[in-house]
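Each remark here refers to the structure printed beneath this line.
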Amino acid sequence: MASERPGDPNGDAGRDRILTPEPPGIDYGPVDAAIDDIGAAGFVAVGGRFDPDLRYLTRFEGPERGYAFVRVPGRSVLCAPAGCVRAAEAGFDGEVTVDRVADPAGERAAAILDRERGDAAPGAVVLVPPTIPHDAAVYLEWAGYELRSTTAVAEARVVKSDGETDAIDAVQRAATAGVREAERLLAAAEVDGDELRSEGRPVTAGRLRRATNAELARRGVTGGGNTVVAAGAGTEAGGMNGTDGRIRVDDPVVVAVAPRGPYGYHGSVTRTVVVDSDGGWERRAYVAVESALDAALAEVEAGAVASAVGREADAELAAFGFDPAAVAEEAAAPGHGVGLSRRERPFLDSDAELKPGHVVAVEPGVTEPDRGEVRLSALVVVTADGYDRLGEGDPSFTPRP
């Protein structure tokens, strides 16, 4: 059973509104349970701003250089980089320290463990994520700690809390607005022969990408590096634009965005539009992909196997005479989870069981090298009785003004 979250009451009047939801809370329960299970001294994570596990644990977007998080029973400590105390304290509800700020992150984490343990005997076990940097692991081992890997944080990240879902929903609304800006540019373009022009210049993939990214920025999200505009024959799903990048009549134009919001969570929107279509391949492909998306969404519910959703989309495409395997590798999976990473578990070609709180982008598509590609997506959160669709707005074959 599907339901919609409330839309933007301002509609287009709110186009410049910056989306700033409340920061999601931090649940350390899974980490504490992993510590208790083996009687470990604590848990340590080390990384930079693009480490999703560290972002989950701290709600802090630090610099790229490494910093450390330490969890001991009932207490969390963030070893913040120099100059970042105020930013760290904004979302982190534990202790923020700059003690030994010039030391490597692993050494700083070991010092916190030593401080918390006091006179306890050396040789205690410390849990770390599988991705802990090698140098941090070495410093902890030099300090006398035995390291054991845990996936507790990665597992916790798969199921989103209500606060996390709200944060994703806000970014998704901004993502939809970004794609709509590309639609507006296309809808306003003039047809000159087989070419589209706007303000006396050709409409190109680059212009659409810049317009999309500008709207994303106005909405308070970032994601220029994740914005893809692909048009016409010779297009690949990875974002390469065919020929000279100019948009022509009958070209299926794919606009795909995955921006990141203030707390690190992503959105995911993919739309395909065509200007002045003659109802040929691109129209048939669109109808097939739209039907595949509806069929896949009908399978989304708690307890369903993720790959069953993907198989339903593929079966629908095949029923329309399209080969799902022809989609380029970057978009080959019919869908994936979305969160602090733009692609994460559960993947819709896996045997994972869907659970309430899973946020997934369902994204079927078809590709033919001589014609281009058509892709559509929906971002949903799995609920106890079906799913809720995140963001707002339905796709349209013809670009809307």
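The values are calculated or read from the model by the stated rules, or taken from the named source; none is laboratory data. Quantities reported herein were computed from a predicted structural model and do not represent experimental measurements. Cβ sites come from the backbone with ideal geometry, for glycine too, and all protein chains shown count toward neighbours. Accessible surface is based on the protein model in full, side chains and every heavy atom, while ligands, DNA and RNA are left aside. Shrake-Rupley method; radii C 1.70, N 1.55, O 1.52, S 1.80 Å.
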- Item | Among Asp276, Asp166, Asp251: highest mean-square fluctuation, GNM of the chain, C-alpha pairs under 10 Å | Asp276
- Query: With labels modelled as points extended 7 Å from the Cα through the Cβ direction, what inter-label distance (nm, one decimal) is found for Asp394 paired with Arg343?
  - Reply: 3.0
- Dividing the Cα radius of gyration by the Kirkwood radius, what Rg/Rh value follows for the range 66-202? 1.26
- Size of electric dipole in the chain: Cβ of Lys, Arg +1 and of Asp, Glu -1, about Cα centre, debye, nearest 20: 1140
- For the chain, what does -39500 (n - 2.57) per DSSP helix run (n ≥ 4), summed and divided by total residues, give at 222 nm, in deg cm²/dmol to the nearest 500? -10000 deg cm²/dmol
- Query: Out of Thr270, Thr97, Thr227, any idea which swings most in a Gaussian network model of the chain, alpha carbons joined below 10 Å?
  - Reply: Thr97
- Note on the structure: In debye to the nearest 20, the charge dipole size for the range 84-207, taken about the Cα centre with +1 at each Lys and Arg Cβ and -1 at each Asp and Glu Cβ, equals 140
- Sorted peptide list for 23-36, 98-111, criterion being average Cβ within 10 angstrom, highest first: 98-111, 23-36
- Residues whose modelled amide H sits under 5 Å from the amide H of Leu390, counting only those 5 or more places away in sequence or on another chain, are Leu379, Val380, Val381
- Message: When only alpha-carbon atoms are used, what values of Rg and Dmax, in angstrom, describe the chain?
- Response: 23.4, 81
- Item | Cβ-defined net charge surrounding Ile132, 13 Å radius [Lys, Arg +1; Asp, Glu -1] | -3
- Item | Nearest-ten-degree value, helix 105-117 long axis tilted from longest Cα axis of the chain | 50
- Note on the structure: Going residue by residue through the range 268-274, the Karplus relation 6.51 cos²θ - 1.76 cosθ + 1.60 with θ = phi - 60° gives ³J(HN,Hα) values, rounded to whole Hz and with x marking Gly or Pro, of 7, 10, 10, 10, 10, 10, 9
- Express the accessible area of the chain per residue in Å², computed with a 1.4 Å probe while the remaining protein chains stay in the model. 42
- Where does helix 29-38 land angle-wise versus the long Cα axis of the chain, in degrees 0 to 90, nearest 10? 50
- Note on the structure: Which of Gly280, Gly365, Gly42 fluctuates most in a GNM of the chain (C-alpha springs under 10 Å)? That residue is Gly280
- Relative contact order [Cα under 8 Å, 6+ residues apart], the range 15-93, whole percent: 26
